[in-house]
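Some notes on the structure that comes next.
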């Protein structure tokens with residue numbers, strides 16, 4: 001009889017321990033770990049750590065220029081995404097990423113009025129306007145392993161992105177017989193398309209209830225294609241006393257190839273760090 005009682009007690013203890021797996025709670029009874037049905041929101045921490053590092057090494061904490069965001073596959077642009085996930089059970093989550101970016105920048109330079117003979121010489125404005133559009137979309141499935149505050153994650157993800165940009169130049173001085181020459185009036189940057197399919201693996205460490213720090217690496221294929229840009233130039237023709245406009249493919253002043261494509265199968269250039277928040 002005593003053996004049966006001890007056996008039954010051991011079974012109850014084992015069942016209780018099994019039921020508590022994955023149920024790590026704080027002193028106030030809050031569950032530390034993510035659970036089935038939770039929604040998650042991820043903030044990328046790479047740029048935040050870079051900023052904090054500059055505070056200690058004396059670096060400059062300047063924002064990237066607008067031009068550096070052009071192209072959805074640029075280093076600055078592709079990292080700026082909103083990440084989210086939905087846990088369909090304790091060990092599986094759907095995840096997605098989104099970036100929809102539009103922007104413009106305008107700069108004005110004062111130059112002498114070429115048509116004026118007054119003293120002092122009045123000024124006119126040369127205006128440069130730059131605009132861009134970039135979209136990144138990603139979707140994947142994530143598997144989660146472990147029931148402690150350190151959880152392993154792995155899965156697969158697909159992403160697509162595309163972008164374009166344009167720069168226009170407006171001049172305060174018109175071309176004429178007294179102000180001849182040739183100048184660019186518009187540059188259309190080549191459209192960029194990116195496609196990636198990656199497997200990823202990493203860890204999450206729950207540092208507080210429903211809050212975790214994560215790090216992961218990715219491996220897979222990436223394809224990028226950039227088409228031809230377009231440049232418009234106006235020139236004063238002295239023979240006809242008129243302004244002629246020509247448009248050609250390629251941007252001769254941007255210092256980049258007119259057309260390019262790439263294909264790689266490799267690990268990501270750098271790991272991805274994140275801060276994750278979970279809620280019902």
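The values are calculated or read from the model by the stated rules, or taken from the named source; none is laboratory data. Everything numeric here is computed off the predicted structure, so don't read it as measured data. No Cβ is skipped: glycine too gets one built from the backbone with ideal geometry, and neighbour counts run over all protein chains shown.
Does residue 147 fit the bill of being touching a residue at least 24 places away in the same chain (Cβ under 8 Å), in a loop (DSSP other than H, G, I, E, B), touching a strand residue (DSSP E or B) at 6+ places or on another chain (Cβ under 9 Å) and surrounded by 13 or more Cβ atoms within 10 Å (Cβ to Cβ)?
Details: touching a residue at least 24 places away in the same chain (Cβ under 8 Å): yes; in a loop (DSSP other than H, G, I, E, B): yes; touching a strand residue (DSSP E or B) at 6+ places or on another chain (Cβ under 9 Å): no; surrounded by 13 or more Cβ atoms within 10 Å (Cβ to Cβ): yes.
Criteria not met by residue 147.
With touching a strand residue (DSSP E or B) at 6+ places or on another chain (Cβ under 7 Å), without any contact (Cβ under 8 Å) to a residue 40 or more places away in the chain and either within 30 Å of residue 32 (Cβ to Cβ) or in a strand (DSSP E or B) (or both) as the only criterion, which of 155, 131 stands out? Break it down stepwise before answering.
On the way: 155 fails: without any contact (Cβ under 8 Å) to a residue 40 or more places away in the chain.
Of 155, 131, the one residue that is touching a strand residue (DSSP E or B) at 6+ places or on another chain (Cβ under 7 Å), without any contact (Cβ under 8 Å) to a residue 40 or more places away in the chain and either within 30 Å of residue 32 (Cβ to Cβ) or in a strand (DSSP E or B) (or both) is 131.
Of the residues 208, 201, which single one is surrounded by fewer than 16 Cβ atoms within 10 Å (Cβ to Cβ), out of contact with any strand residue (DSSP E or B) (no Cβ under 8 Å at 6 or more places or on another chain), closer than 30 Å to residue 91 by Cβ and at pLDDT 90 or above? Quick ask: steps written out before the conclusion?
Values: 201 fails: out of contact with any strand residue (DSSP E or B) (no Cβ under 8 Å at 6 or more places or on another chain).
Every option except 208 fails the conditions.
Which residue is farthest from the chain's Cα centre (by Cα), if the candidates are limited to region 173-198 and must be within 15 Å of residue 126 (Cβ to Cβ) and surrounded by fewer than 16 Cβ atoms within 10 Å (Cβ to Cβ)?
This residue is 179.
Restricting the first residue to region 84-110 and requiring it to be over 30 Å from residue 198 (Cα atoms), which pairs with a second residue that is modelled with pLDDT of 90 or more meet a Cβ separation below 6 Å and a spacing of at least six or different chains?
Here the result reads 104/131; 105/130; 106/129; 107/128; 108/125; 108/127; 109/126; 110/123, each pair linking region 84-110 to a residue that is modelled with pLDDT of 90 or more.
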